[in-house]
Amino acid sequence: MKQKGVKVSIIGAGYVGSTTAYALMIGGIASEIVIVDINKDKADGEVMDLSHGASFVQPVDIIAGGYSDTENSDVVIITAGAAQKEGETRLDLVNKNIKIFKTMIPEIVKYSPNSILLVVSNPVDILSYITYKISGFPKERVIGSGTVLDTSRFKHLLGEHFNIDVRNVHTYIMGEHGDSEIATWSLTNIAGVPIDDYCNFYCNKCTGDFKYRFAEDVKNAAYEIIKKKGATYYAVALAVKRIVEAIIRDENSILTVSTLLEGEYGMDDVYLGVPSIVGIDGIREIIQVPLSDEEKKELIVSGDRLKDTLRQGEF
C-alpha cells in the first residue's frame with residue numbers, strides 16, 4: 001500500500017480547499033501538501049497557519065505555490081471556482097466554472113500527468129465530466145466527490161432519528177450532487193434490518209411523510225447551511241479526506257463518488273454519484289446496486305437533467 005512519500009495538491013485556498021488541507025494534515029495521509037490559489041497571499045496565509053501546528057501531527061511539508069509546484073502529485077484536489085451563493089443552485093454555476101476549468105485543467109495535467117484528479121467544485125458532476133474531457137485522462141482517474149457527503153448527511157439524519165450510531169446505518173444517496181439526487185430507501189437498512197421492518201419493530205415513529213421529509217432535508221442541507229453561515233466546508237472536507245484516504249491506502253472501499261457511466265443503470269456519457277470501488281488507481285469498478293423500479297427511473301431523470309445542462313452550457 002502506498003502510504004509514504006504521498007503528494008497531494010489542492011487547487012483553491014477558499015473555505016473548502018483550506019479546510020480540506022487541514023483534514024488531510026490531521027489525518028496524516030500525505031507527506032506533502034501543496035496549496036495553489038489565484039490569490040497568492042491567501043494561500044500563503046493558510047499555509048502559515050497550518051504549518052504552525054506541525055508539531056502536533058505526523059510530519060508533513062505544506063507549501064503555497066503555483067502549478068509547477070504541484071509536479072508529480074499523486075492526487076490533485078480541485079476546489080477552485082465560483083462559490084455558490086444564497087438562492088443559487090449548483091447548476092447555476094456551470095458556465096462560470098467551465099471557463100475557469102478550461103484554463104486550469106491543462107496546467108494541472110502538464111505537471112502531474114499520472115495523477116488522480118478529484119473534483120470537488122460545484123456543480124461537481126458536470127465539472128467532473130468537463131475535467132475528464134479536457135484532461136484526456138482515463139475515466140478511472142477523474143473522480144468527483146459525488147454524493148459521498150450527501151450519503152453521510154442521510155446517515156446522520158437516520159442515526160439521529162433512531163438514536164443509532166450512524167456507522168450502523170447503511171444506505172446511499174445517488175445521482176446528481178444536487179436537487180435531483182435520490183435516496184435509496186429500498187436499500188436502506190440498520191444492521192441488516194430493512195428500514196421498513198426496523199421502523200415497525202423498533203421505532204414506531206416513522207409515520208406520514210417520513211421518507212419524503214428526510215430526503216428533502218438531505219437535498220436542502222447545503223442551502224440551509226449557506227443561509228445560516230455563508231458556506232459549507234467542514235463536512236465536505238471530511239468527505240474529501242475519506243476519498244483521498246481510500247485512494248492512497250488502496251482500500252478498495254465503496255463510495256458514492258461521481259464517475260463516468262457507460263451503460264451502467266441504463267445511462268451513458270454522464271458523470272453521476274454511484275457506489276464505486278475506490279483504490280490506488282482511482283475507480284476500479286462501478287457497483288450496480290439493485291434499486292427499485294421507481295428509484296431507477298429517478299436516477300435516469302437525474303442523469304438526463306445533467307446532460308441537458310451540459311448541452312446548454314458553454315462547453
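Some notes on this structure:
- I98 satisfies every condition listed in (1) under 19 Å from L306 (Cβ atoms); (2) touching a residue at least 60 places away in the same chain (Cβ under 8 Å); (3) over 19 Å from the mean Cα position of the chain (by Cα) except (3).
- Pair list, Cβ < 8 Å and 6+ apart or interchain, from segment 284-295 residues that are more than 13 Å from L261 (Cβ to Cβ) to residues that are of a type in the set (G, A, S): R284/S276; P290/S186; L291/S186; S292/S186; E295/S186
- Residue in segment 144-160 that is farther than 21 Å from I195 by Cα and outside any loop (DSSP other than H, G, I, E, B) present: yes
- Among the residues of segment 194-223, those that are surrounded by 11 or more Cβ atoms within 10 Å (Cβ to Cβ), more than 15 Å from Y172 (Cα to Cα) and of a type in the set (A, V, I, L, M, F, W, C) comprise C199, C203, C206, F210, A221, A222.
- A30 being small (G, A, S), assigned to a loop (DSSP other than H, G, I, E, B) and at pLDDT 95 or above: yes
Residues are listed down the side, and each one gets a yes or a no for (1) of a type in the set (S, T, Y); (2) without any contact (Cβ under 8 Å) to a residue 40 or more places away in the chain; (3) farther than 30 Å from N204 by Cβ:
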site	(1), (2), (3)
K139	no, no, yes
I164	no, yes, no
E176	no, no, yes
D179	no, no, yes
T188	yes, yes, no
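- When residues of segment 14-60 are limited to those that are over 19 Å from D74 (Cα atoms) and among the small types (G, A, S), the one surrounded by the most Cβ atoms within 10 Å (Cβ to Cβ): A43
- Looking only at segment 224-251, and only at residues there that are surrounded by 19 or more Cβ atoms within 10 Å (Cβ to Cβ) and in a loop (DSSP other than H, G, I, E, B), the one that is modelled with the lowest pLDDT: T232
The values are calculated or read from the model by the stated rules, or taken from the named source; none is laboratory data. What you see is a predicted model; the values in this text were computed from it and never measured. Heads up, the Cβs are rebuilt from the backbone with ideal geometry, glycines too, and the neighbour counts pull from every protein chain shown.
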